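Here is the structure we will look at.
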Amino acid sequence: MVDILKPEEMFNSIDYTIPSDRWEAVPTDLTAGNFCYPTKKKNLEYLSLPARDEWSPADEDWKLPDNWEEIIYEGFKERLEKYRSLKVFMDICVRCGACADKCHFFIGTGDPKNMPVLRAELLRSVYRKDFTTAGKILGSIAGARKMTPAVIKEWFSYFYQCSECRRCSVYCPYGIDTAEITMMGRELLSLLGLNINWILEPVANCFRTGNHLGIQPHAFKDMIDFFCDDIEEITGIKINPSFNRKGAEVLFITPSGDVFADPGTYTMMGYLMLFEHIGLDYTLSTYASEGGNFGLFTSSDVMKRLNGKMYAEAKRLGVKWILGGECGHMWRVINQYMETMNGPTDFMEAPVSPLTGTRFDNAASTKMVHIAEFTADLIKHNKLKLDPSRNDKFKVTFHDSCNPSRAMGLLDEPRYVLNNVCNHFYDMPENTIREQTFCCGSGAGLNTEEIMDLRMRGGLPRANAVKHVHDKHGVNMLACICAIDRAALPPLMDYWVPEVDVTGIHELVGNALVMEGEIERTTDLRFEPLSEEEE
Amino acid sequence: MDIQKYLTDNRQKLVEKWIASVVATYPADSVKFFKNTKDPFANPVGSTIKRSMGLLFAQVIKEKMDPAAVNEAMDPIVRLRAVQEFTPSRAISFIFTIKHLFRKELGKQLPDKSIARFLEDVESNVDEMILIALDIYGKCREKIYLLRINQAKESLKKLLIKKDLICEIPDFDPGPQAL
């Protein structure tokens, strides 16, 4: 029986004073609904990662291995030696608080441990105790604390309440990247076999079959063929993309969400139509059939292993360069880590658009171009015939996906494309877009249904800004360039602003694209009438 | 006592006190942020609370409330608290506090019939508001469960569509050589 307070007792229980307990004393809430389900043992074993028997974060005793303290200490030490950035981030924070109110999870929950400064402090306090002289001698006076099983629980809770979006790092005067701190925290937890299934299952599937869901090559091809049938029905044009074709100029890699999850599938149709229209010499791969890389949310080693498939396939097929689809974290991996992890890429050339001659010098090292840049360049050079009125029923706004905006500065290209393929575009308020964009609330592997409440409150700042442009301008379509966004934003909108739907920008490109020899369009790529009047 | 004059003169103070009682249900370290950050896009929780409470106050002091207006004002704040870490009772308990605020402020003047009448109106309005809030809360939770089910169902449906085409990691130990 739950103790139910009478209203008066409840009001009298409100405490307006600052708590006397320090933050370390506040216990972590790991009741059901507040944590992601842990990974299945088979997925860890398949990846040769430290595995453990089935467990639940709700268990009182997590049955950590006997030498867990040593594992964490050694793991921490190794990473401090390996990553200069981690050592610097542990030492230089002056607790100015500039980041404190910038995290969408803090803004939505009010939980102080979701302030980036405090999230980092979860790790930093242990660092002080184990690796600094002041911490060893002065203990809690120097902000140090001893590692205990309760700290492990706290790490598990709060490092899986961070979507590694890096909004906080934009405001940090020292440039401390809390996402990297979360990544280190997750790596350390992983050493004890503490991972979540929504990340590790896709990782295992990706490693074995090539993509998150475990779609086998023939099924991958079947899905693409299915889209081509739909395109033919809508446009009258039959497309026959090639798979695993040696000697193609370009290898196209996109997140597998575009192949199996609506509304990403319509974006996939948009890519296929665009490539057909411009006569691009490209091929798809059933081996490197995943742009996403959940290794980024696991550990650098796992990220490297999954990412290796892209260059391996590019080399095997002998392509000149790689074109990448609309994805978020995929681009953090590509833009910031890929060349270092799996380069050098001397078997490819700096990407040059065969249509415009534009050389993408920004991708000269990775040899991989984001499709938003590629399409923006085509439009800029008048290579596409577009009829934006086909998107007239949509009043569109753009959600800057965290990684393309903050990890690679892709801010204007998607807007340029949108402004050319639709007539009604409205940006959200300045402090919620571009490099200050708010996360969807479900990034970094948190897009799982068991924590739907957390996702809703984490996504509130984004939804709140969408609601503003919906109320002010009648916006009914939220465009984005990320597959996780296309999966996470529909439920977020459904809860906060149900009148707004979600799309990738190349779905709108596909709608507007006037293809040579096409029949008169009566529907959009979703088989819905082009204008509201016809509905 | 002229109750209308009292309400006009003290409106801001009363609303602020009511808001403070809501904000106090959040962790102490966040109270300052929720209260003081004015930008509605930087602080959607605080601005939602402020907006809803102002509109609800305008209704609760009426002799006869407009249920549609109460519903519209109540939805954003309850929708918010329905996904924050509150028990159902705690999520909507803030509504009661206005009764106590008025009792505390006006209790000594109860012999004044107009005051007694006003307090009765407020209390019956609060009762009605609670029922409206309960309905909204229920719908919000139902929506959350639907979203959860839909996500699970969608992935299941896709799997069924691709029956025999999906290849999950099998339940066996592949051994180190398989990697």
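Here are the numbers for the structure shown:
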| item | result |
| --- | --- |
| Count, lysine Cα pairs under 20 Å in region A:19-195, 8 or more residues apart or across chains | 22 |
| Contour excess over end-to-end distance, with Cα ends at A:Lys146 and A:Tyr37 and 0.36 nm allotted per residue | 36.5 nm |
| Part-to-part distance (alpha-carbon centres) for region B:24-69 and region A:97-163, which is given in Å | 30 Å |
| Distance from region A:335-350 to region A:27-74 (C-alpha centre basis), Å | 35 Å |
| Averaged over A:424-437, number of beta-carbon atoms from partner chains that fall within 10 Å | 1 |
| Extension reserve of the A:Val94-A:Lys238 stretch, reckoned as 0.36 nm per residue once the Cα distance is removed | 45.8 nm |
| Listed residue (A:Met90, A:Gly33, A:Phe156) projecting farthest to the positive dipole end of region A:19-195, Cβ model | A:Met90 |
| Ratio of Rg to Rh over chain A (Cα coordinates, Kirkwood Rh, two decimals) | 0.99 |
| Share, in percent, of DSSP beta bridges within chain A that are antiparallel, nearest 5 | 15 percent |
| Paired Rg and Dmax values of chain B, which use every Cα atom, in angstrom | 24.0, 89 |
| Two-site FRET efficiency, A:Asn431 against B:Leu146, from Cβ-Cβ distance with R₀ of 30 Å, rounded to 0.05 | 0.40 |
| Straight-distance crosslink candidates among lysines, where the alpha carbon sits under 16 Å from B:Lys104 and sequence neighbours closer than 8 are dropped | B:Lys13, B:Lys17 |
| Length released on extending from A:Phe226 to A:Lys385, taking residue separation times 0.36 nm less the Cα-Cα span | 54.7 nm |
| Chain A, dipole about Cα centre (Lys/Arg Cβ +1, Asp/Glu Cβ -1), debye to the nearest 20 | 2060 debye |
| Amide H contacts under 5 Å for A:Ile196, placed H, 5+ residues apart | A:Thr39 |
| Sorted by Cβ neighbour density within 10 Å, fewest at the top, the residues A:Thr298, B:Thr48, B:Thr8 | B:Thr8, B:Thr48, A:Thr298 |
| Inter-chain Cβ neighbour average for residues A:458-469, partner chain, 10 Å | 3 |
| Principal axis dimensions, largest first and in whole angstrom, of region A:360-406 by Cα | 40, 28, 11 |
| For region A:352-396 versus region A:227-299, the gap between their alpha-carbon centres in whole angstrom | 16 Å |
| Residues A:Ile196, A:Ile71, A:Ile224, A:Ile137, sorted so that the one with the fewest Cβ neighbours within 10 Å comes first | A:Ile137, A:Ile71, A:Ile224, A:Ile196 |
| Using a Förster distance of 22 Å, the FRET efficiency for A:Tyr171-A:Tyr83 (Cβ separation, nearest 0.05) | 0.50 |
| B:Gln109-B:Met1 pseudo-label distance in nm [points 7 Å out on the Cα-to-Cβ vector] | 0.4 nm |
| Rounded if a/c under 1.5, otherwise prolate or oblate - region A:264-321, Cα gyration tensor axes | oblate |
| Residue-wise HN-Hα coupling along region A:491-502, computed from phi with Karplus coefficients 6.51, -1.76, 1.60 (Hz; x: Gly, Pro) | x, 4, 5, 4, 7, 9, 9, x, 7, 10, 9, 10 |
| Under 21 Å from the Cα of B:Lys64 - lysines, other chains or at least 8 residues apart | B:Lys5, B:Lys99, B:Lys113 |
| Per-residue mean of C-beta atoms belonging to partner chains within 10 Å, peptide A:447-457 | 5 |
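A short reminder: the numbers here are calculations on the coordinates, not readings from a lab. These numbers come from a predicted model, not from an experiment. Using ideal geometry, Cβ is built from the backbone for each residue, glycine included, and neighbour counts are taken over all protein chains shown.
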